[in-house]
Structure formats: C-alpha cells, structure tokens
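First comes the structure, then the notes that go with it.
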Amino acid sequence: MSAMPFPARPEKPRVGLFVTCLVDLMRPSVGFAAVKLLEDAGCTVEAPVQTCCGQPAYNSGDRGTTRDLAMRMIEAFQGYDYVVAPSGSCAGMIKAHYPELFEEDPNWRAKADALATKTYELTSFLVDVLGVTKVDASFNGAVTYHDSCSGLRELKVKTQPRRLLASVEGLTLVEMKDSDVCCGFGGTFAVKYSDISGAIVEAKAKNIEEAQAPTVLAGDLGCLMNMAGKLSRDGRPVQVRHVAEVLAGMTDEPPIGAAKADAIK
Amino acid sequence: MTVHSTSPQFKQNAARALNDDQLQKALGNVKQGFIDKRQMAADKLPEFEALRDSARDIKNHTLEHLDLYLEAYEEKVKASGGHVHFARDAAEARDIILSICRETGAKTVTKGKSMISEEIGINHHLEANGITPVETDLGEYIIQLRGELPSHIIAPAVHLNATQVEEDFRRVHTHLDAKRDLSEPVQLLTEARAVLRERFLAADVGITGANFLVAETGTSIIVTNEGNGDLTQILPKTHIVLASIEKLVPTLEDVSQLLRVLARSATGQELSVYTTFSTGPRRSTDADGPENYHVVILDNGRSSMLGTAFEEMLRCIRCGACMNHCPVYHAVGGHAYGWVYPGPMGAVLTPSLIGVDKAGHLPNASTFCGRCESVCPVRIPLPKLMRHWREREFERHLTPATVRSGLQLWGFFAKRPALYRFATRAAMGALALAGRQRGRFAWLPMAKGWTKYRDFPAPQGETFQQRWTRERKGARA
Amino acid sequence: MSSRDDIFGNIRRSLGVKGTETIRRQMVEDRLERSPRGVIPKRGQVSGEERIALFKTMVETSLATVTEVASAAEVPQSIALFLRNHNLPATLRMGDDPRLKTMPWSDTTLDIAHGPSEGRDLSAVSHAFGGIAESGTLAMVSSADNPSTLNFLPDNHIVVVSAKDIASDYESVWNRVRFAYGKGSMPRTVNWITGPSRSGDIEQTLLLGAHGPRRLHVVVVRE
C-alpha cells in the first residue's frame, strides 16, 4: 500500500458525492443509495452544489463549454478527500479526460490531475479504496449485470460490483451473453443515430432476457434508462435498477421505467 | 479526388443496412468468429500486451523519423534493382501504375488484396485504359464481380452469404456447366481457384499492396492466407507494389514485432499462412520471380497528418480488430460508412483523406464504448481521435444546427447552478407528474429519436439536490 | 518540384524538421545498424528436443502435417509413403537444391521433375532455409535451388527441414539470413509459411487450399 500515489487514507474520509446529472434529475434514489453505502463504509458524505461534468459538450466537440464546466466541478470538489460518483461514465470523464482538457494550462492541469487522482466510481471506491468486501443488504432472486463501457474500459470496473453483489443475501448473479458489449446509449448518440442505437440496444435487450434473471443491474443511469426503455417497449418483462440501489438494500422505489403500481404486482 | 464516397449519406446507408435481412445475417458472422479467436490468441501469448506496447513504440519511432527511413528504404530498393516512384495523390499513383503497365505491354493485371488500390480506384482506371484488372483474393474477386467496395478491410465479402456468391459465379463463369453443383462453400472455392489459376498464369503485371516496407533491406512484405498475393507477385513479368508512406518500419526485427500482433489481432492466427518478404526483381541465381520490381509510394494526404493529433492513426496496421469489435459496425456493416475504410479506423482515417465536411458523420456515429481502442494492436486511441474530429467540426460550425442550439441551451443552464436547479426542479416535477401512471413515456416531444425505439423512463419527481437540501441541509431551498 | 521532393518536404514540414539534424540521422543509422530486438516470447526460448517438439506441435496447429526421419537418406521413402497414403500420383517436382538432389530418390519409384513450376504439378518438394519453433513456421529463400513457384502452385507442398535449422524465433532466422546474405541484404524472396493455403472469405468458413497448396507436409531430418 505504500506505493499509493496519495497520502494515507484518512480515518473518516470526507467524500464529495458527484451525483451526476441523470441521477440528480431522473433517479435521486440512486444518489441516496450511494450515500448510504458510503456512510456505512465510514465516510462523511457531502453533496456540494453541482450541475454537470461537461461530458455532453465534450463528446460533441465543444471544448470551450467543457472547460468552463470542468473548472466549476474542480472548484466545487477540490476540498474533499475523495470524489465518488454512482457512474463509471461521469467518474471516467473526470479521471480520464479532465487532465487532457487543460494540457496547455499548467495551473489548471495540476488541479485537474489532483481531482482525477481522487475521483472514483462508486463500487470501485468501495472495494479498491475502502476495502469493503460485503454489504448489509438482501435481495430476493437472480440478477444479471451489464458492464457499462466507460466504467469497464476507462476505470476497469468489472469485478468490484460483482464482488459486492455476491455478498447480498438472497441474490444470485447470472451472467448474460456479451455483458461487456455496449448497450447503444452513447449519450447524444442515442438520439442523433437513433436507428443504429435502437439496433444495438435491441441485441442487448435480447441478451438480458435470455439470461433469465428477473432483474438487470448496471452502474450507469444512461445505460439503464436505455435498456429499461427498450425492454419495456419490446415487452420483455425484466426489471431494471442501478446496482447501488440493490447494494444499499434500497429497492422500495419502482424499477426504472416502471410505475408504482407495476412494482406492487 | 479518389473513389466516390457516399459517406455524407451515412444515415440513409445505415437505415438501409439495418433493414437488409440478408446483410444482418451475414454480419452475425463478424460478431461470432473474430472476437473469440482474437481473445484466444491473445490469451495464449503471455507477452501479447508487451508486444502491443512494442508495436506502438516502433510505429511512433518510425513516424517521427519517416523522412529518413523513407530515404534509407528508397536507397535499398534501388540497390536491389528495383524502382521507387512517389505519388502525391491518387491520380498520380494511377498514372504511374498505368504507365508501368503500358511499358510492359500488359493486357491483364492480377491484383493482391490492397486497400490502397481501392483508395486510388486503380481498377476502374486500368479498365478505362483497356487493361483488365483481376482481383485474386477470393473475397476481393467476389466483390469485383459485383462491382462493390470491400465492406471489411480483411474480409472484403463479409457482407455476403454463399448463395449470393453462387449466383455471381453462375452469372460470370458462363463457360462452365450450368448444371454444376455449387451448394457448398468448398465448391465455390474450388471453382474460383480453377478460374483464377488461369488468370495468374496469363497475367503480365501483378499489383500487390504491402503490409510493411523495411528500410534496412528495401523489402516489401505482404501477409495473406490464400497465397494469392504470392502468385500475383512471382508469376508475372512485372511486380508493382503499391504502398502508402506509413507502411515503413526500420528493421526486420521491428517487423517481427508487428507481425506477432497483426495476425493474432486480425484472425486469431499465430501468424498468417504466408508472410512474404520481397526485395527487388529476380536475381541471376533465381529460376522464377518478376523481372521488374516497382514500388509506388503514395501520400494522398497522410504527410499532413504527421505532427497533428491524427499522427497516431498512421500507426494502423490494418488488422480489422477495431471493426470486429465495434457495435456500430456490427449493426450496419462496412458499406454504410460510404468509402474505402469502414469501422472505427475508417471513422478516423476517412475524414483525413476525403475531408471532414464529407465524412463528418463517421466520427460522430460512435457510442465511444472504447472496445476498439481496447483491442487495437498498436494502441491507437480511436475514440479520442473521433472526438478530435468532432471538435474540428464544432470549430468549423459543421455540427448540425439543432445539436449546436441544444448544446447552447444546456450549457447556459449548466453554467448557472441556481437557475439550473430551479429549471430542472420544475421540469422534472412536471415530467414525473405526467409519467406517474405508467412510469415511462412512449413518446416525448423533444426526444423523438429516443422514443422511436424505446420508452423514456419517467423521473422520480424531486431532484437529488432538492431532496438533499431538504433532508440534510435544512429547508433552505 | 518533383512528387518525391514535395512529399519529403511535406513530411518534414509536418514533423517540424529539416532532415539534416545530426541527432535524428544518428538515431536512424544506429537503429538500422544495430537492429535491436524487441519483446521475444518465452514460448520459443527452448532448445534441443524441446524446441523440435514445439516446432512440430505448432506445425500441426497450423493444420499442416509433420513427420520425422533419422537421416537425409530416409527422406525419399518418407515422401513416397506420404504420396501413397494420400492416393497421390508418384510424381514430384523439385529445384536444384544439392541437399535434395543427393538424396537416394532411385530407392523409390517417384518420377522426379526439376525446375520451377508452371502451374500443372500436383506435388513438389522444397528444402527450407529453416524452421521457427515459436509458430511452426517454415522459412524459405528463393533461388534456383528452391524456386518460389514450388511453394505456391502445386496442390501438395512437401518441405524438408533440418532439425539443426529449427530456430526458436524469427529474430534468430534473420541472424542466419544476415550471415548468409550480408547485413542489409536479402534474397529476392523470403517466404514464411505457416500451414496450408486457406480462405475464410465465404461466410467466414475456414476452407483449405484457396490458391496455394491444399496440403503442407513437413519432413524434419534429425541428423
């Protein structure tokens, strides 16, 4: 552990929760599930005022807007020991891409590097940094897990959610075919190239249903909304949730894209 | 200008491809075979990741010293009795090749598989000048019969099934018994072998590409599984190598590093069946081989990529792994990309070669899933380079107006947290109320692209920040 | 301005160099002179029996067949047997390789033709320059001794390789090539052959015998 690039972990780490736009707007329960997991693991959690990390602008080629938003994020989060997001995509934006936004500005580059070093996706933070091996939750039944691309390839999130899920009482994990293949979301891609996105998510929905687990989980709300929307459109009866909800044992809210009435059934 | 591009119609091309049942069935073959085979080959070689680093470093080193390696290479080719020609663009390359063919008095020309020959449209040019080009790679032969471009850089006919090939063979090979059985792929192969064997023996000139050019020895290298490239280059009187400037590598040791990752990444083989190193024309001690050996070195816009972000693209060794692993390629196939190079490598290279104004869709039609980069043997950061193209489009105001104005509106709010919270709170509240019954929307006015194929899940109502403030910070907001 | 000058000019402009920089020139000359080795897989780094065993395994992985004989004198009988076992006519083409020529072909009933192939031969035999254990690859060099056409035109290609010429890796073969031809020089053609000809171009189904040999048979000579 002595080789870690940052100072020893504080006794009670102060974590800045980067809620992410989609969780903030669409599914705040995921954010509260993340808070519970972090607090259970001994962290102090704060959620500073925030908007967006700038990824939509970044991927649309608008570097100027991206930089503006990145500076706000850096300022909002620089005081915390760690920054944690319930999203591999948004954490990846900070970790993998913020530094290269400021290649020509050493001052901001240093700040971006500092933020990148202490930013984590939720499950990888719990497992890799805090050493959490089990969570206090139960869930009745089988789930299948989709590996969201940014988390998987930019942040190497693969085993961490699975290790934590294995500790959930009553839960069995069934792997789907091609769990590491993109769901076709891709942010604005889903709207700009909806025909292609539709075809990719169709294949994903099929693989999900064929895994024969009643629930599919993932770590990114964008992918989850895409998969949930396709599963319901195609009449494939699979419930969709963010992995944090299950790990925190907070599954009272209806699944993504389902009404309260559906959930009761 | 090179071969005609339909890249501006990418969306229409893609829509057509998605509705083509036959194509969709054929694309299933890409998803199945290549991916598992590559993974198995990589797993069998503990040094595979280290070799990828080595391959990347060799290419980077060569590109940084490209002028000097080109000079060294040229000198060596001359010393071995060969000729080197430089072509700035497609038209020049076509003219050089045509004049060599004319000097030889060529009537037919056999061709090994070469993507650059597609890039410069050499077949059409030769035909227009009374010379018959014959593609000899089985896949290339099939698409030549159909008048198509390759849909994949190493499996040019991957978009077709055996029945279509049978139809083409019956249509073209009219000298054969009309009642012959062609129901099995092996029968198609046997027929092509026999037909092309005669063409090989009759050809006056053979044109091949090159996977690599070696500066140390003046050697051109081709890699094939069929052996067609070899018959193309050893049987005719004249061998023409058509290669672009970035094919250079310094030494035989360097090329051995690259060969260790090429076949494994492409087909999952340890090595392709035939790796052929050619240096100059036949010697006095030879009993066969070409009497004349020409190398045409093509730039066609590549030298301008050096020293820019796109220099990294020049590391590409054309293995096809990026497209084999691309969900967008899997969905629409290679022809939708509308020009010579499909998939992620095409999405980066095509705008460099024909202009981002024409090929702008290609770098945008990506989910940035990153699977291409994760398998690239020379570690080209393909998503990053596609993003660079998007940035250039944005700077040049080529980004569609709807996207621009959408971004502007979103950016306006995102930069004003208080306003953002106010607006999102109101919007999510309203949306949640409207979607309360079903928990989702089958149609939304601003998201038609989304709701055409899937429902839009309704938000929970209160935003996180709203609830957080209420619960944790007291009822300030 | 010639196309050549134009291209070199553009490359140098893009790279921000003149082409006369001593350091760059030295780096390039040095690399061409030293030809440094890169990453060499451990797999092939074995010697003696182990290396020959690896070579044979890898040859078979490439869908070729391999047999072993104790001495050069046994090669003709072994090849005759191979042809008979595959119901092939007792005809064979070869080049002028002295190692092949001095073998006792009269012990067999094989009808031997000499010289390059014109595309009508069923079977041919060549002598390899060497073998590469790492991937089960044969290294062939062109000359009247072993014409390149024999590697590609016949339906059945038989390759004789001496056990002592089986190297661990590609790099070791390049060292031998340099020793034989001089640093920076090459025979007109070096063919690395790893298995019989094949194509996957029709529905990605692997079919053997696309344009080159349908069968590749390797005879390892031990002595």
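Rule-based calculations on the coordinates, nothing more; no lab input. Everything quoted here is computed from the prediction, not taken from an experiment. Cβ sites come from the backbone with ideal geometry, for glycine too, and all protein chains shown count toward neighbours.
In the neighborhood of B:Leu68, defined by Cβ-to-Cβ distances under 12 Å, what is the net charge if each Lys or Arg adds +1 and each Asp or Glu adds -1? Combined, the nearby Lys, Arg, Asp and Glu give -3. Using every pair of separate Cα atoms, the Kirkwood estimate puts the hydrodynamic radius of region B:342-445 at 16.6 angstrom. Per the Debye calculation on region C:1-152 with a single equal scatterer at every Cα and no solvent contribution, log₁₀ I(q)/I(0) for q = 0.09, 0.13, 0.16, 0.21 Å⁻¹ amounts to -0.52, -0.77, -0.96, -1.39. With coordinates expressed along the principal axes, the C-alpha atoms belonging to region C:106-196 extend over 39, 25, 23 Å, beginning with the largest.
Specify the inter-centroid distance of region A:45-120 and region C:66-90, based on alpha-carbon positions, in whole Å. Here the answer is 70 Å between Cα centres. Expressed in Å, the radius of gyration and Dmax of the Cα atoms of region A:5-57 are 12.8, 37.
Peptide packing for A:20-28, A:85-93 was compared via the average number of neighbouring C-beta atoms within 10 Å per residue; ordered from the highest value, the list is A:85-93, A:20-28.
Close amide H partners of C:Val218, meaning residues 5 or more places away or on another chain with modelled amide H under 5 Å apart, are C:Thr65, C:Val66, C:Thr67, C:Val159.
With a 10 Å cut-off around each Cβ of B:183-192, the average count of Cβ atoms from other chains is 4. Inter-label distance, C:Thr91 to C:Glu118: 1.2 nm, where each label sits 7 Å from its Cα along the C-beta direction.
Neighbouring Cβ atoms from other chains, within 10 Å of the Cβ of residues in B:125-138, number 1 on average. How much net charge surrounds A:Lys36 when only the other residues with a Cβ under 15 Å from the Cβ of A:Lys36 are counted, with Lys and Arg +1 and Asp and Glu -1? Residues near A:Lys36 contribute -3 overall. Rounded to the nearest 500, the helix-only mean residue ellipticity at 222 nm of chain A stands at -11500 deg cm²/dmol, with each DSSP H run of n ≥ 4 adding -39,500 (n - 2.57).
Working note: 222 nm ellipticity from helices only, DSSP H runs with n ≥ 4, each -39,500 (n - 2.57), summed and divided by the residues of chain C, gives -9500 deg cm²/dmol to the nearest 500.
Here the mean projected area of the convex hull built on the C-alpha positions of region B:417-472 is 4.4 nm².
What the Cα atoms of region B:1-117 give is an Rg and a Dmax of 21.3, 55 Å.
Which FRET efficiency value, to the nearest 0.05, is calculated for B:Arg197 and B:Arg396 with the Förster distance at 45 angstrom and r the Cβ-Cβ distance? For B:Arg197 and B:Arg396, the calculated efficiency is 0.30. Across region A:57-205, the fraction of Cα-Cα pairs farther apart than 18 Å, rounded to a whole number, is 65%.
Once both labels are positioned 7 Å from their Cα atoms along Cα-to-Cβ, the gap between C:Asp6 and A:Arg9 label points is 6.3 nm. Of all DSSP-defined beta bridges confined to chain C, some 30% are antiparallel rather than parallel.
Net length available on complete extension from B:Val186 to B:Lys44 is 48.1 nm, with 0.36 nm assigned per residue and the Cα-Cα distance removed. Magnitude of the charge dipole for the protein assembly as shown, about its Cα centre and with charges confined to Cβ atoms of Lys, Arg (+1) and Asp, Glu (-1), is about 2900 debye. Each Lys and Arg Cβ is given +1 and each Asp and Glu Cβ -1; about its Cα centre, region B:22-298 then shows a dipole of about 580 debye. Only Cα sites of region A:133-258 enter the Debye sum here, all with the same form factor; the resulting log10 I(q)/I(0) across q = 0.15 1/Å is -0.63, listed in q order. Distance from the C-alpha centroid of region B:83-97 to that of region B:134-191: 30 Å, rounded to the whole angstrom. Derived scalar couplings between HN and Hα for region B:195-204 equal 4, 6, 4, 5, 5, 4, 6, 8, 5, 9 Hz in order, rounded to whole Hz, by the Karplus curve 6.51 cos²θ - 1.76 cosθ + 1.60 (θ = phi - 60°), x for Gly and Pro. Separation of region B:395-431 from region B:320-341 is 33 Å, based on Cα centroids. Remark: spin-label model distance C:Met27-A:Asp105 equals 3.2 nm, labels positioned 7 Å along the Cα→Cβ axis. Show me, bin by bin at 5 Å from 0, the whole-percent P(r) of region A:14-128 based on Cα pairs. Using 5 Å bins, I get a P(r) of 2, 13, 24, 26, 19, 10, 5, 1, 0 for region A:14-128. Along its three principal directions, the equivalent ellipsoid of the protein assembly as shown from the Cα gyration tensor extends over semi-axes of 56, 29, 28 Å, largest first. Inter-chain Cβ neighbour count for B:222-233, averaged per residue, equals 6 (cutoff 10 Å, partner chain atoms only). Mean separation of Cα pairs under 8 Å and 6 or more residues apart, divided by the residue count, gives chain C a relative contact order of 23 percent.
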